[in-house]
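Q: I'd like to ask some things about the structure below.
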Amino acid sequence: MSEALHSLKAATAACALRDARRVVVKVGSSLLVDAATGTPATGWLTALAADVARLRASGREVIVVSSGAVALGRRRLKAEAGRIEDKQAAAAVGQSLLMAAWQAALAPHDIVVGQVLLTRDDTERRRGWLNARGTVEALLRHGVLPIVNENDTVATEEIRYGDNDRLAARAAQLARADLLVLLSDVDGLYTADPRRDPEAKHLLLVERLDGATHAMAEGANAQAGVGTGGMATKLMAAEIARSAGCATVIASGQTAGPLGAVEGGARATLIPAPHGPMAAYKQWIAGSLAPAGSLSLDAGAAAALKAGKSLLPSGVTGVTGGFGKGDCVSLTSGGAVLGVGLAAYSADEARRILGRRSDEIETVLGYRGPSVLVHRDDLALRSS
């Protein structure tokens, strides 16, 4: 990816989108659902599908976070979705309608879609996070376009996001995306709400997400009656994405082909990230997680890790602690701590497969799991 994406002074929304390797695009209900009819906005969706197909054809990977299930289901039920159980019923009905709309729009481009339903638990608990990441990676590997949405049919208020801006940021984080594009009903962040203040000035680049920046977003609400997010939630999402090394673009979705419009120079706001997603992820592993156990390595495994390879079970000589899958563990060799990583297996499973070849794991455990105990992407080594 071009260094321009991480240059606070040189980057623009257009070059950020052109340079990104993996892009998460968030689409809100107010864009996808026709407010007058409660049905999919077919023409707009068709144009966005062409945008997505063009990005994929150029070698970029795309993940879509889509609202709309509740709005579509509400019309089919012919009822308001006020109580949580009514909203869940509307979501249950609307999910199939939402996916049908996306598949119909993308079918002319021979793009298959796959639904990924998440709750806050799935993106904030390490085990759920790893499982969700594995599913998204597998879909991308098979050429499928992931369509992510909050699992409103089972989520309680305690584990809901409540708006898909922050869910999109978490999806970008777990997918290690380079860029998060939040399509809105305005073309970015202004110094004040432009619909109320004619003196409001548009910001092409936001270098800091501080109190003054958040104050600018107050009152910039989404279209009444359909969406639930606003500019304030978009800045909260940008903070989550930024901490994961992912830049954010806030752009207008109220035009045909909004992604192409951004690439063509349409006005939008870019919030860059100072580091790339992999560097931010490894910093998080190294500095934010307390090890729940440790793995002792032989000299060969230690050398392999320093050479940038993953930790195989054959190179592990000992396991301590009671960690679970996805927990952080220390990696030691000869009494020295080499670094930390996220375990692909629980402590009990690790003890059963230590010293074994990767092709023996299925026989020992009774199921086919990862071929490594710690993947190289999930470890952070100490500098020597």
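Just so you know, all these numbers are worked out from the coordinates, no wet-lab data involved. From a predicted model like this one, the values you see are computed outputs, not experimental measurements. Reconstructed Cβ throughout: ideal geometry from the backbone, glycine too, with neighbour counts over all protein chains shown.
Q: Using the Kirkwood formula on the Cα atoms of segment 289-381, what hydrodynamic radius do you get, in angstrom to one decimal?
A: Numbers: mean 1/r = 0.0792 Å⁻¹.
Averaging 1/r across every pair of different Cα atoms and inverting gives 12.6 Å.
Q: Take the chain, connect every pair of alpha-carbon atoms lying under 10 Å apart with a spring to form a Gaussian network, then pick out the residue of Ser67, Ser358, Ser184 with the largest mean-square fluctuation.
A: Ser358
Q: Another question, then. Once you have all Cα-Cα distances for segment 16-76, histogram them in 5 Å bins from zero and send the whole-percent values.
A: 4, 18, 25, 20, 15, 10, 6, 2, 0
Q: If you don't mind, there's one more thing I want to ask. Under 14 Å from the Cβ of Ala301, count the other residues' Cβ atoms, weight Lys and Arg +1, Asp and Glu -1, and hand me the total.
A: +4
Q: Sticking with this structure for a sec: Which whole-number percent is the relative contact order of segment 289-381 (Cα, under 8 Å, 6+ apart)? Working shown, then result.
A: Numbers: 203 pairs, mean separation 30.3, N = 93.
Dividing the mean separation by the residue count of segment 289-381 yields 33 percent.
Q: Using only DSSP helix segments of four residues or longer, with each worth -39500 (n - 2.57), what per-residue ellipticity at 222 nm results for the chain after dividing by its residue count and rounding to 500? Mind dumping the intermediate values first?
A: Numbers: 15 runs with 149 residues, N = 384.
Theoretical 222 nm ellipticity from helices: -11500 deg cm²/dmol.
Q: Provide the net charge surrounding Asp51, with neighbours chosen by a C-beta distance below 12 Å and charges set as Lys +1, Arg +1, Asp -1, Glu -1.
A: +2
Q: Oh, and also: Work out Dmax and Rg for the chain from the C-alpha atoms and quote the Rg first, both in angstrom.
A: When restricted to the Cα atoms of the chain, Rg and Dmax are 22.3, 69 Å.
Q: What percentages, rounded to whole numbers, describe P(r) for segment 332-384 computed over all alpha carbon pairs with 10 Å bin width beginning at zero?
A: 22, 48, 26, 4
Q: In addition: Run the quick spin-label model on Ala35 and Ala100: label points 7 Å from Cα toward the beta carbon, then report their separation in nm to one decimal.
A: Each label point is offset 7 Å from its Cα along the Cβ direction, giving 2.6 nm.
Q: So, one more: Work out the FRET efficiency for Ala215 and Ala107 from their Cβ-Cβ distance, taking R0 = 41 Å, and round it to the nearest 0.05.
A: Calculated transfer efficiency: 0.40.
Q: Using Cβ counts within 10 Å as a stand-in for footprinting exposure, how do Ile250, Ile353 rank, fewest first?
A: On the way: Ile250 28, Ile353 23.
Taking fewest neighbouring Cβ atoms as first place, the list is Ile353, Ile250.
Q: Further question on the same structure: In the chain, how many lysine pairs have Cα atoms under 15 Å apart, counting only pairs 8 or more places apart or on different chains? Please list the in-between numbers first.
A: Numbers: Lys26/Lys234; Lys78/Lys87; Lys282/Lys306; Lys282/Lys309.
Pairs that pass both the separation and distance tests number 4.
Q: Another question, then. Which whole-number percent gives the relative contact order of the chain, counting Cα pairs below 8 Å spaced six or more residues apart? Write down the numbers at each step before the final one.
A: Values: 824 pairs, mean separation 60.1, N = 384.
Reported relative contact order: 16 percent.
Q: Right, next: Which of these, Ala256, Ala91, Ala171, has the largest mean-square fluctuation under a Gaussian network model of the chain (Cα springs below 10 Å)?
A: Looking only at Ala256, Ala91, Ala171, the largest GNM fluctuation is found for Ala256.
Q: Angle, helix 84-106 long axis vs. longest principal axis of the chain, Cα atoms, 0 to 90°, nearest 10?
A: Helix 84-106 sits roughly 90 degrees off the main axis of the chain.
Q: Hey, got the Cα dimensions of segment 230-384 along the principal axes, in Å, largest first?
A: 58, 36, 27
Q: A further question follows. When Arg208, Arg351, Arg242 are ordered from fewest to most other Cβ atoms inside 10 Å of their Cβ, what list results?
A: Values: Arg208 9, Arg351 13, Arg242 21.
The most exposed by this proxy come first: Arg208, Arg351, Arg242.
Q: Next question, about the same structure. Hey, what angle do you get for helix 126-141 against the long axis of the chain, alpha-carbon based, 0 to 90 degrees rounded to 10?
A: Around 70 degrees separate the two axes.
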